[in-house]
Amino acid sequence: PDSTEAALSLITQAEVFAGAGRLQEALRAAEQARPAIERRFGPETREGQRLTRIRAFLLRQQGESDKALALVQETTEAIRRRFGPESIETARQLSDLAGVLGDLSRYAEAERATRQALAIFEASPAASPFERAHAPRMLSDLLEITGRDQEALPHQAAALDLLRATLRPDHVEVAFTLINHGFLLHELRRYAEAEAALREAIRILQPLDHYE
């Protein structure tokens, strides 16, 4: 497209297609938007970040996480230079970086990026409650993957408390986190607590037709 408006519209289309699982259409729209966006905007801008995020998502879906990592690392450094290492923008990008590193089983690097993001989210009044909940949940997942279940538990519990306060106690995201929490408690042989968490998740999900 020749105009910025048309390019941004194509990115929106790519995001919608990706959300609907129509990955080839999403890829075409993103690639059509790419020349105009890259010509007019740096990777640290909101528009550049949107392009990076959709392209990285599509690369990961295609099994090309190495290419996605290079793209996300470039954007992370650009954002860090523009906004500073302790900025909320940097924290958001570090979360994206941690996700790609996790795909590549580079867990120590993913954990480091997640801890950096978590520290910024906890200190920043600009962080949304959901961002404050997502970071400890991601950290908990990484700690579980690397066999550190006991260390993972307080981060998972913190994420659960934040989701209950941010959304509502019967929200589906709370239920999903309760399921993970129940399995983690089971691994730690805290069986009564595990059962209570899983029963609460069932109670939340049962009224929803598509979870029966």
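The values are calculated or read from the model by the stated rules, or taken from the named source; none is laboratory data. On a predicted model such as this, the values are computed, not experimentally measured, just so you know. With ideal geometry, Cβ positions are generated from the backbone for all residues, glycine too; neighbour counts draw on all protein chains shown. What goes into the accessible areas is simple: the full protein's heavy atoms, side chains included, and nothing from ligands, DNA or RNA. Shrake-Rupley method; radii C 1.70, N 1.55, O 1.52, S 1.80 Å.
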Exercise. Computed FRET efficiency, Cβ-Cβ of Arg203 and Asp103, R0 41 Å: what is it to the nearest 0.05?
Worked result: 0.80
Exercise. Just how much of Phe176 is accessible, in Å², when a 1.4 Å probe is used and the result is rounded to the nearest 10?
Worked result: 80
For this session: Could you size up the charge dipole of the chain around its Cα centre, putting +1 on the beta carbon of Lys and Arg and -1 on that of Asp and Glu, and report it in debye to the nearest 20?
Result: 360
Problem set entry | Segment Phe176-Glu5, extension gain: residue separation times 0.36 nm, minus the distance between their alpha carbons | 57.7 nm
Problem set entry | the chain: most fluctuating residue of Ile37, Ile202, Ile88 per GNM, C-alpha cutoff 10 Å | Ile202
Seminar exercise, completed: GNM of the chain, Cα pairs under 10 angstrom: of Val72, Val16, Val100, the biggest fluctuation goes to Val16
Exercise. For the stretch 6-56, with every protein chain kept in place, what is the accessible area per residue (1.4 Å probe, Å²)?
Worked result: 52
Problem set entry | Estimated vicinal HN-Hα couplings, Hz - the stretch 22-38 in sequence order (Karplus 6.51, -1.76, 1.60; Gly, Pro = x) | 8, 5, 5, 5, 4, 5, 4, 5, 5, 5, 5, 6, 4, x, 5, 5, 5
For this session: Find, among the trypsin sites (Lys or Arg not before Pro) in the stretch 159-203, those assigned to loop by DSSP (not H, G, I, E, B) with at most 14 other beta-carbon atoms within 10 angstrom.
Result: Arg189
Seminar exercise, completed: Here the stretch 109-115 yields Karplus 3J(HN,Hα) values (6.51, -1.76, 1.60; θ = phi - 60°; whole Hz; Gly and Pro given as x) of 5, 5, 5, 4, 5, 5, 5
For this session: Can you grab the distance from the C-alpha centre of the stretch 65-127 to the C-alpha centre of the stretch 12-59, Å, no decimals?
Result: 19
Exercise. So, with a 1.4 angstrom probe, what is the percent of accessible area on the stretch 67-113 that is carbon and sulfur?
Worked result: 47
Exercise. For the stretch 173-189, in order, what is each residue's ³J(HN,Hα) by Karplus, 6.51 cos²θ - 1.76 cosθ + 1.60 with θ = phi - 60°, in whole Hz (x at glycine and Pro)?
Worked result: 5, 5, 4, 4, 5, 4, 4, 4, 5, x, 5, 5, 4, 4, 4, 8, 6
Exercise. Which of these, Thr166, Thr146, Thr114, has the largest mean-square fluctuation under a Gaussian network model of the chain (Cα springs below 10 Å)?
Worked result: Thr146
Exercise. On full extension of the chain, what length is gained from Arg189 through Glu38, given 0.36 nm per residue of separation minus the C-alpha to C-alpha distance?
Worked result: 49.1 nm
Problem set entry | Simple spin-label estimate for Glu31 and Thr12 in nanometres, 7 Å along Cα-Cβ | 2.4
Problem set entry | Rough spin-label spacing in nm, given labels placed 7 Å along Cα→Cβ, for Phe83 and Gln24 | 3.6
For this session: Could you list the residues of the stretch 108-130 with an amide nitrogen less than 17 Å from a label point located 7 Å from the Cα of Gln73 in the Cα-to-C-beta direction?
Result: 108-114
Seminar exercise, completed: The farthest towards the positive end of the charge dipole of the stretch 6-102, of the residues Ile88, Ala20, Gln32, given +1 on Cβ of Lys and Arg and -1 on Cβ of Asp and Glu, is Gln32
